[in-house]
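Take a look at the structure below.
The values are calculated or read from the model by the stated rules, or taken from the named source; none is laboratory data. Because the structure is a prediction, the values reported are computed rather than measured. Every residue, glycine as well, gets a Cβ built from its backbone with ideal geometry; the counts of neighbours run over all protein chains shown. Keep in mind that these areas ignore ligands, DNA and RNA; they rest on the heavy atoms of the full protein, side chains included. Shrake-Rupley method; radii C 1.70, N 1.55, O 1.52, S 1.80 Å.
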Amino acid sequence: MRGRIVALLEDPDWPAMAALVDGGRLIDLRLDAPEQDATPRLEAVHRARVTRKAPNIGAVFLDLGDGLEGFLKGGKHLSPGDRPLVQIARFAEGGKAVPVTDEPLFKGRYAILTPHAPGVNVSRRIKDEAERDRLQALAVGALAEAGLAAAGPEEETAPGAIVRSAAEDVEADAVAEDVASLAALWAEAQDGGDAPGLRVDGPDAEVLAWRDWTDPEPEQVLRGDARLWDDLGLLDQVEALSTPRAALPGGGFVLVEPTSALVAVDVNTGGDLSPAAGLKANLAAAEALPRQLLLRGLGGQIVLDLAPMGKRERPKFEAALKKALRADPVDTQVVGWTPLGHLELTRRRERRPLAELLPKR
């Protein structure tokens with residue numbers, strides 16, 4: 001299988017899945033939670049009720065409806081009883097309140113609606129000035145058509161928009177329809193009264209694939225059951241992610257093991273016992289780690305126990321890791337080295353762990 005494709009899985013024995021594949025290799029993976037799973041989707045919008053303030057940590061707690069508790073960092077302007085609209089910002093750690101924001105965004109394939117940020121801006125990645133002017137005019141017109149006045153200095157409460165780089169050279173109707181659909185979601189979010197509860201659900205796996213996997217555009221979109229995915233070699237790649245071990249080029253391997261406190265990553269040289277084996281395995285791990293964390297849906301605190309190498313080789317490893325992380329869609333920061341020689345990272349919790357979503361087999 002050559003080229004860049006998106007594969008959509010529809011099979012009663014598996015959760016709905018979307019896979020981004022390049023040259024037969026699984027690059028990214030999105031899964032829907034089982035229907036009975038009550039965990040809210042990322043980007044879902046809720047009408048909330050402030051239940052209490054926690055000034056010692058600079059936050060407020062909220063009732064999101066359906067037995068869910070939210071946690072909003074900041075919120076000094078809110079008081080118990082207030083009913084803000086909030087959006088699920090990150091997945092919660094086990095047993096903790098769900099992190100939310102009171103400045104929701106509505107993301108589409110070609111634009112992002114910014115209800116709390118007026119003005120229409122175009123992605124800086126689009127360099128052609130004529131194209132930038134065209135896209136800005138399209139977005140302004142679509143907002144006005146949807147009943148949201150074109151935002152300007154005299155209309156500071158009007159929603160704004162960001163035109164994404166994927167909109168470059170796209171037909172006008174497609175861009176305008178995308179903005180209009182986001183405006184409709186914003187209107188839907190504001191309906192439903194003041195009772196706490198879900199107003200707009202977060203995107204599912206197929207929507208996320210259509211929205212986010214645009215750079216570059218896939219050559220094909222294939223839809224089918226487990227037989228198709230087996231023919232594409234994807235089921236084996238997905239099932240391999242349910243085990244801690246991942247092979248590295250050169251014979252080494254990593255063990256990626258989530259715990260309740262952190263994700264531990266152990267880098268091993270395998271059968272290579274040469275003096276350069278440690279650095280070689282570590283550099284291979286630096287390249288492989290972002291993909292492994294992405295596909296496994298892991299975030300939070302991450303601790304790397306690297307193969308033996310000298311302190312003088314640490315900058316080379318750090319440079320390789322940071323380079324690999326630049327292509328990672330999930331924000332990950334390199335924190336630093338511990339006295340025991342481990343490297344610590346922090347990674348935004350933007351996904352559910354794969355282990356929570358795959359059926360037990």
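Table for the structure above
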| item | result |
| --- | --- |
| Selection from segment 244-282 of residues that are touching a strand residue (DSSP E or B) at 6+ places or on another chain (Cβ under 8 Å) and among the polar types (S, T, N, Q) | ASN268, ASN282 |
| Selection count, segment 114-173, where residues are of a type in the set (Asp, Glu), open to solvent by 40 Å² or more (accessible area, probe 1.4 Å) and at pLDDT 90 or above | 8 |
| The one condition in (1) exposed (fewer than 15 other Cβ atoms within 10 Å of the Cβ); (2) among the hydrophobic types (A, V, I, L, M, F, W, C); (3) more than 30 Å from ALA226 (Cα to Cα) that ALA97 fails to fulfil | (1) |
| Subset of segment 219-235 [open to solvent by less than 80 Å² (accessible area, probe 1.4 Å), not in a helix (DSSP H, G or I) and not charged (D, E, K, R)] | LEU222, GLY224, LEU232, GLY233 |
| Test for GLU103: is it within 23 Å of LEU208 (Cα to Cα), modelled with pLDDT of 95 or more, open to solvent by 60 Å² or more (accessible area, probe 1.4 Å) and assigned to a loop (DSSP other than H, G, I, E, B) | yes |
| Residue within segment 205-216 that is under 25 Å from LEU68 (Cβ atoms) and free of Cβ contacts under 8 Å to residues at least 60 places away in the same chain present | yes |
| Residue count, segment 236-260 (criterion: surrounded by 19 or more Cβ atoms within 10 Å (Cβ to Cβ) and in contact with a Phe, Trp or Tyr (Cβ under 9 Å, 6 or more places away or on another chain)) | 2 |
| Tabulated pairs, segment 314-328, first touching a residue at least 12 places away in the same chain (Cβ under 8 Å), second in a helix (DSSP H, G or I) and open to solvent by 80 Å² or more (accessible area, probe 1.4 Å), C-beta under 6 angstrom, 6+ apart or interchain | ALA324/GLU287 |
| Cross-chain or 6+ apart pairs with Cβ under 7 Å, segment 123-138 first and in a loop (DSSP other than H, G, I, E, B), then open to solvent by 70 Å² or more (accessible area, probe 1.4 Å) and of a type outside the set (Phe, Trp, Tyr) | ILE126/GLU168 |
| Segment 183-206, residues that are part of a strand (DSSP E or B), at negative phi and open to solvent by less than 30 Å² (accessible area, probe 1.4 Å) | VAL200 |
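For every residue, the table says whether it meets (1) within 16 Å of the chain's Cα centre (by Cα); (2) within 14 Å of ASP212 (Cα to Cα); (3) in contact (Cβ under 8 Å) with a residue 40 or more places away in the chain.
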residue	(1), (2), (3)
GLY3	no, no, yes
ASP22	no, no, no
ILE27	yes, yes, yes
ARG30	yes, yes, yes
GLU35	no, no, no
ARG41	yes, no, yes
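Yes or no, residue by residue, for (1) surrounded by fewer than 12 Cβ atoms within 10 Å (Cβ to Cβ); (2) over 19 Å from the mean Cα position of the chain (by Cα):
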site: ARG296; (1), (2): no, no
site: ILE302; (1), (2): no, no
site: ASP305; (1), (2): no, yes
site: ARG312; (1), (2): yes, yes
site: THR332; (1), (2): no, no
site: TRP337; (1), (2): no, yes
site: GLU344; (1), (2): no, yes
site: GLU350; (1), (2): no, no
site: ALA355; (1), (2): no, no
